[in-house]
Amino acid sequence: MPASLAAVKRKLESTRSTRQITTAMQMVSTAKLNQVQHHTKTYQAYESQVRAILASLVKSHIAQLREQDEDSKIDERISSLFAQREVKKVGVLVITSDRGLVGSYNSNVIKATMDMMAKHHLNADNTVFLTIGKNGSEFFKKRGMNVVYEYTGISDVPSYTEVRGIVRKAVKLYRDGVYDQLYVSYSHYVNRIISHEKSELFLPISPNSLEEETSEKVTSEIESEYELEPDLTKMISVLVPQYANSLVYGAILDAKTSEHASSANAMRSASDNASDIISTLQLQYNRARQAAITTEITEITGGMTAEDN
Amino acid sequence: MADAATFNVTIVTPDGTVFDDTSTMLVVTTDDGELGFMANHLPMIAALAIGRLTLKHADSQADDTEVAVNGGYVRFDGNKATVVADSAELREQIDVSRAQNAKSRAEKTIAHAKEVHDPDELSRGQVHLARALNRLRVSGNLK
């Protein structure tokens, strides 16, 4: 079967070049994953510093307020990030990827968001969306959701300076009362194979979570009494937004890490699949070639026999 | 000053640690003016303004290290100073042309905000301008 021989060969070659591409993409994703992981480590040092200080200040602040019979005025900006308001509108920040080829990464995040919305009875009327990444933005727009802010073209290893815009925007819209709660939907990186999709309440910040999560090492470091310059209220009003910003940035980094891991996984399974197909095709090709040779030999021997007779 | 007591200084930002070394004196800018720390200062936390941070070194021949810092705070404790800021750049690392662009962009924003009376935009423009000017000042490019 000479025709099928050529067809199998063509298919074999195209699968080979696909495998070459997916292997290269897998390596690129793995390299990006390593980069972003390195970056996350330095960010975590920063985040734990901010949180530890804030936790200890909030603790002494609350104590001070109690001494003053709680009638002293707290800076508006602090209370607005802590206080539970009556929930009229909810903001959802959805972090997805710009590109495809990341396996089920995007659909998982979107599914987690929809589940969260169903759970809290959210619909197009009482929800506003902030989206990072083209996939999420297109999905929610198509469904007639109110997307107030979208950010696309985020780099593979986002720096704080780069995403400061959206981070501040998210916190500012909350402070301005555009929404009374901020959920962040993103994919939390566990390890290279596993990611968990999360929809978490970021704002208002709960003072409890602040204390619970503070690692003991950093807390014990800052037990001593401090002189404060200029004063406690001012310090907290500086630190709370800084902490809120760092939380949102942390989620973005986490999501990016997960995206690269997901992309590396998708490309690895694509390469594995290609390898399987190649070995099947190779077998087919060899068989077809052998069949062709056998036919030729049969014809030649047939011809010779005819001549001898 | 040859045997001046030293202490550790770490400058942390979300994008990594900018500086981690010893120093004999740290001067930071707060909203109320400059604030200096030397070894054995009492424990203190201070909010920082957008401004210059200067570090003097034990080796009096060595140049002072200058850093452009955007807000954040400094914590001094047990002879260790930790500066935690949104961003911080050593003088050598400042991208002067970018800061120049940011400056002119911020000036345009402010002009526009004044035209349309938008207080939000105005304050944002002013923060951007302060940041750009600070970078230029620290890098010695502001006439």
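The values are calculated or read from the model by the stated rules, or taken from the named source; none is laboratory data. Keep in mind that what you see is a predicted model, and the values were worked out from it rather than measured. Using ideal geometry, Cβ is built from the backbone for each residue, glycine included, and neighbour counts are taken over all protein chains shown.
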A:Met117 fails exactly one of the following numbered conditions: (1) of a type outside the set (Lys, Arg); (2) modelled with pLDDT of 85 or more; (3) within 22 Å of A:Tyr249 (Cα to Cα). What is the number of that condition? (3)
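Inside the range B:86-99, can you point out the residues that are more than 9 Å from chain A (Cβ to nearest Cβ) and either modelled with pLDDT of 90 or more or part of a loop (DSSP other than H, G, I, E, B) (or both)? Before you say what the answer is, go through the steps one by one.
Our first condition is that a residue be more than 9 Å from chain A (Cβ to nearest Cβ); within the range B:86-99, this holds for B:88-99.
If the condition is that a residue be more than 9 Å from chain A (Cβ to nearest Cβ) and either modelled with pLDDT of 90 or more or part of a loop (DSSP other than H, G, I, E, B) (or both), then B:Ile94, B:Asp95 are the ones that fit.
Run down A:Val109, A:Val94 and say which single residue is in contact with a strand residue (DSSP E or B) (Cβ under 6 Å, 6 or more places away or on another chain), within 27 Å of A:His39 (Cα to Cα) and part of a helix (DSSP H, G or I).
Of the residues listed, the single one that is in contact with a strand residue (DSSP E or B) (Cβ under 6 Å, 6 or more places away or on another chain), within 27 Å of A:His39 (Cα to Cα) and part of a helix (DSSP H, G or I) is A:Val109.
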Condition first: assigned to a strand (DSSP E or B) and closer than 20 Å to A:Lys234 by Cα. Now tell me which residues in the range B:42-64 satisfy that. B:Met44, B:Ile45, B:Ala46, B:Ala47, B:Ile50, B:Gly51
For B:Ala47, are the conditions met, namely being at the interface with chain A (Cβ under 10 Å from one of its Cβ atoms) and farther than 17 Å from A:Thr161 by Cα? yes
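Yes or no, residue by residue, for (1) surrounded by fewer than 18 Cβ atoms within 10 Å (Cβ to Cβ); (2) touching a residue at least 24 places away in the same chain (Cβ under 8 Å); (3) out of contact with any strand residue (DSSP E or B) (no Cβ under 8 Å at 6 or more places or on another chain):
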{"site": "B:Thr30", "(1), (2), (3)": "yes, no, no"}
{"site": "B:Met38", "(1), (2), (3)": "yes, yes, no"}
{"site": "B:Lys56", "(1), (2), (3)": "no, yes, no"}
{"site": "B:Gln61", "(1), (2), (3)": "yes, no, yes"}
{"site": "B:Ala81", "(1), (2), (3)": "no, yes, no"}
{"site": "B:Val84", "(1), (2), (3)": "no, yes, no"}
{"site": "B:Ser87", "(1), (2), (3)": "no, yes, no"}
Those residues that are charged (D, E, K, R), crowded, with 17+ Cβ neighbours inside 10 Å and more than 25 Å from A:Leu173 (Cα to Cα), I need them from the range B:93-143; list them, please. B:Lys103, B:Arg135
Enumeration of residues in the range B:127-143 that are over 17 Å from the mean Cα position of the chain (by Cα) and modelled with pLDDT of 85 or more: none
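Yes/no matrix, rows are residues, columns are (1) assigned to a helix (DSSP H, G or I); (2) at positive phi; (3) in contact with a Gly (Cβ under 7 Å, 6 or more places away or on another chain); (4) in the same structural domain as A:Leu283 (by TED's automatic domain parsing):
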| position | (1), (2), (3), (4) |
| --- | --- |
| A:Arg10 | yes, no, no, yes |
| A:Ser14 | yes, no, no, yes |
| A:Ile21 | yes, no, no, yes |
| A:Lys32 | yes, no, no, no |
| A:Thr42 | yes, no, yes, no |
Single unsatisfied condition, B:Asp120 versus (1) modelled with pLDDT under 85; (2) in contact with a Phe, Trp or Tyr (Cβ under 7 Å, 6 or more places away or on another chain): (2)
Is it the case that the range A:246-260 has a residue that's under 30 Å from A:Leu57 (Cα atoms) and polar (S, T, N, Q)? yes
Filter pass, A:Val167 being touching a residue at least 24 places away in the same chain (Cβ under 8 Å), within 12 Å of another protein chain (Cβ to nearest Cβ) and either exposed (fewer than 14 other Cβ atoms within 10 Å of the Cβ) or outside any loop (DSSP other than H, G, I, E, B) (or both): yes
Complete set of residues in the range A:37-50 that are within 12 Å of chain B (Cβ to nearest Cβ) and not aromatic (Phe, Trp, Tyr): A:His38, A:His39, A:Thr40, A:Lys41, A:Thr42, A:Gln44, A:Ala45, A:Glu47, A:Ser48, A:Gln49, A:Val50
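In the range B:1-41, which residues are assigned to a loop (DSSP other than H, G, I, E, B) and within 14 Å of chain A (Cβ to nearest Cβ)?
B:Pro14, B:Asp15, B:Asp31, B:Asp32, B:Asn40, B:His41
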